[in-house]
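Asks: Attaching a single structure in structure tokens format; questions to follow.
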Amino acid sequence: QEVFIDKLMQFAQTGDGTLLGRAPLSQSEDKAKMLIATDYARKMSLDMRMISPHYDDHVDNKASHCAAKIAEYYQKYDAQKGTQFVFSYNPNEWNPYSEIKRKLVEDHGIPAHEIRFIQEAKTENARKTIIEAMNAGRIRVLFGSTSMLGTGVNAQKRAVAIHHIETPWRPSDLAQRDGRAIRKGNEVAKLYADNKEDVLIYAVEKSLDSYKFNLLQNKQTFINQLKSNNLGSRTID
């Protein structure tokens, strides 16, 4: 990742696509090179295998860290059948969700049928069935994107942790995700976790992650000022 970040910085300056292992940029691509760099940066911070299948698994990638943390909460709240939400955007390419599930099953011994993806629910009835199974503790880990899992999902009854594999661009998206568990009706948190919910955000140093998180903070600060009417000025840049 560190090596690739250096290449990305060189690419942003020169527009030389070969630095990233791709063909030279076309004229239209050259105009959008910062967008291309941002897309690569997002994929790179999620998992290098999203850049190319030639990269190997690594003990220090997000999938490894996230799987270990999910397993930790799984064991800690096993008696209460504590449940967890895992959020990421929905990539079309190689999928980090499936990789985390593989690690949970193979490395941490969690039964595969207790780990589900909200994308599997193709109908409203299938969606309701998954939500019911989460509240009952039959499903213990549920993966999804902000759009599919962020709203209208009342599966908070046993929720003990929320994992953000990547940071969204909007504060409202982060709030929607967290709202799946931080809400009334969360019985396990109320009785066994001091009425608190753990939220874990995974970030790679010197990557787009920290930039996005600072951006979120700036946006949220601005929104809070606007709502609380303590800006001290009539105009806002």
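The values are calculated or read from the model by the stated rules, or taken from the named source; none is laboratory data. As the structure is a prediction and not an experimental result, all values here were calculated from the model. Reconstructed Cβ throughout: ideal geometry from the backbone, glycine too, with neighbour counts over all protein chains shown. For accessibility, only protein heavy atoms count, side chains too; no ligands or nucleic acids. Shrake-Rupley method; radii C 1.70, N 1.55, O 1.52, S 1.80 Å.
Asks: Please go through the stretch 9-40 and pick out each residue that is of a type in the set (A, V, I, L, M), open to solvent by 20 Å² or more (accessible area, probe 1.4 Å) and under 21 Å from W94 (Cα atoms).
Replies: Filtering the stretch 9-40 down to residues of a type in the set (A, V, I, L, M) leaves 9, 12, 19-20, 23, 25, 32, 34-37.
Applying the additional criterion that residues be open to solvent by 20 Å² or more (accessible area, probe 1.4 Å) yields 9, 12, 19, 23, 25, 32, 34-36.
Within the stretch 9-40, A23, L35, I36 meet the criteria.
Asks: Of a type outside the set (A, V, I, L, M) and either touching an Asp or Glu at 6+ places or on another chain (Cβ under 6 Å) or open to solvent by less than 10 Å² (accessible area, probe 1.4 Å) (or both) - does that describe any residue in the stretch 41-49?
Replies: Here is the first cut: in the stretch 41-49, the ones of a type outside the set (A, V, I, L, M) are 42-43, 45, 47, 49.
Applying the additional criterion that residues be either touching an Asp or Glu at 6+ places or on another chain (Cβ under 6 Å) or open to solvent by less than 10 Å² (accessible area, probe 1.4 Å) (or both) yields 45, 47.
Yes, the stretch 41-49 contains at least one residue that is of a type outside the set (A, V, I, L, M) and either touching an Asp or Glu at 6+ places or on another chain (Cβ under 6 Å) or open to solvent by less than 10 Å² (accessible area, probe 1.4 Å) (or both).
Asks: Next up: Take the residues of the stretch 128-150 that are within 20 Å of the chain's Cα centre (by Cα) and more than 19 Å from K101 (Cα to Cα): which is modelled with the highest pLDDT? Talk me through it step by step, then tell me what you get.
Replies: Restricting attention to the stretch 128-150, the residues satisfying the condition of being within 20 Å of the chain's Cα centre (by Cα) are 130-131, 134, 139-150.
Checking which are more than 19 Å from K101 (Cα to Cα) leaves us with 147, 150.
Values: S147: 84, G150: 72.
Looking at the filtered set, the residue picked out is S147.
Asks: Looking at the stretch 50-82, which of its residues are buried (at least 16 other Cβ atoms within 10 Å of the Cβ), assigned to a helix (DSSP H, G or I) and basic (K, R)?
Replies: Those that are buried (at least 16 other Cβ atoms within 10 Å of the Cβ), assigned to a helix (DSSP H, G or I) and basic (K, R): K62, K69.
Conditions (1) assigned to a helix (DSSP H, G or I); (2) farther than 25 Å from D57 by Cα; (3) of a type in the set (K, R), marked per residue:
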| site | (1), (2), (3) |
| --- | --- |
| F4 | yes, no, no |
| K7 | yes, no, yes |
| Q10 | yes, yes, no |
| Q13 | yes, yes, no |
| L19 | yes, no, no |
| A23 | no, yes, no |
| I36 | yes, no, no |
| A41 | yes, no, no |
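Asks: Next up: Considering only the stretch 85-92, I want to know if a residue exists there that is aliphatic (A, V, I, L, M), crowded, with 19+ Cβ neighbours inside 10 Å, under 20 Å from the mean Cα position of the chain (by Cα) and within 23 Å of W169 (Cβ to Cβ).
Replies: Initial filter on the stretch 85-92 (aliphatic (A, V, I, L, M)): 86.
If we keep only those that are crowded, with 19+ Cβ neighbours inside 10 Å as well, we get 86.
So of that shortlist, the ones also under 20 Å from the mean Cα position of the chain (by Cα) come out as 86.
Still in the running and within 23 Å of W169 (Cβ to Cβ): 86.
For the stretch 85-92, residues aliphatic (A, V, I, L, M), crowded, with 19+ Cβ neighbours inside 10 Å, under 20 Å from the mean Cα position of the chain (by Cα) and within 23 Å of W169 (Cβ to Cβ): present.
Asks: Do the conditions hold for M148, that is, is it of a type in the set (A, V, I, L, M, F, W, C), open to solvent by 10 Å² or more (accessible area, probe 1.4 Å), part of a helix (DSSP H, G or I) and in contact (Cβ under 8 Å) with a residue 40 or more places away in the chain? Give the steps one after another, and end with the answer.
Replies: Details: of a type in the set (A, V, I, L, M, F, W, C): yes; open to solvent by 10 Å² or more (accessible area, probe 1.4 Å): yes; part of a helix (DSSP H, G or I): yes; in contact (Cβ under 8 Å) with a residue 40 or more places away in the chain: yes.
Yes: the conditions hold for M148.
Asks: How many of the residues making up the stretch 98-150 are touching an Asp or Glu at 6+ places or on another chain (Cβ under 7 Å) and of a type in the set (V, I, T)?
Replies: Within the stretch 98-150, residues that are touching an Asp or Glu at 6+ places or on another chain (Cβ under 7 Å) and of a type in the set (V, I, T) number 3.
Asks: For the stretch 116-142, name all the residues that are open to solvent by less than 10 Å² (accessible area, probe 1.4 Å) and assigned to a strand (DSSP E or B).
Replies: V141, L142
Asks: From (1) under 22 Å from the mean Cα position of the chain (by Cα); (2) touching a residue at least 24 places away in the same chain (Cβ under 8 Å); (3) assigned to a helix (DSSP H, G or I), pick out the condition that doesn't hold for V153.
Replies: Just one mismatch for V153, condition (3).
Asks: Could you list, in sequence order, the residues of the stretch 25-34 that are in a loop (DSSP other than H, G, I, E, B) and not hydrophobic (A, V, I, L, M, F, W, C)?
Replies: Looking only at the stretch 25-34, we keep the residues that are in a loop (DSSP other than H, G, I, E, B), and these are 25-26, 32.
Result: S26, single match.
Asks: Does the stretch 98-115 include one or more residues that are open to solvent by 20 Å² or more (accessible area, probe 1.4 Å), touching a residue at least 40 places away in the same chain (Cβ under 8 Å) and part of a helix (DSSP H, G or I)? Give the derivation first.
Replies: First, pick out the residues of the stretch 98-115 that are open to solvent by 20 Å² or more (accessible area, probe 1.4 Å): 98, 101-102, 105-109, 111-114.
Keeping just the survivors that are touching a residue at least 40 places away in the same chain (Cβ under 8 Å) gives 101, 107-108.
Okay, now just the ones that are also part of a helix (DSSP H, G or I), so 101.
There is at least one residue in the stretch 98-115 that is open to solvent by 20 Å² or more (accessible area, probe 1.4 Å), touching a residue at least 40 places away in the same chain (Cβ under 8 Å) and part of a helix (DSSP H, G or I).
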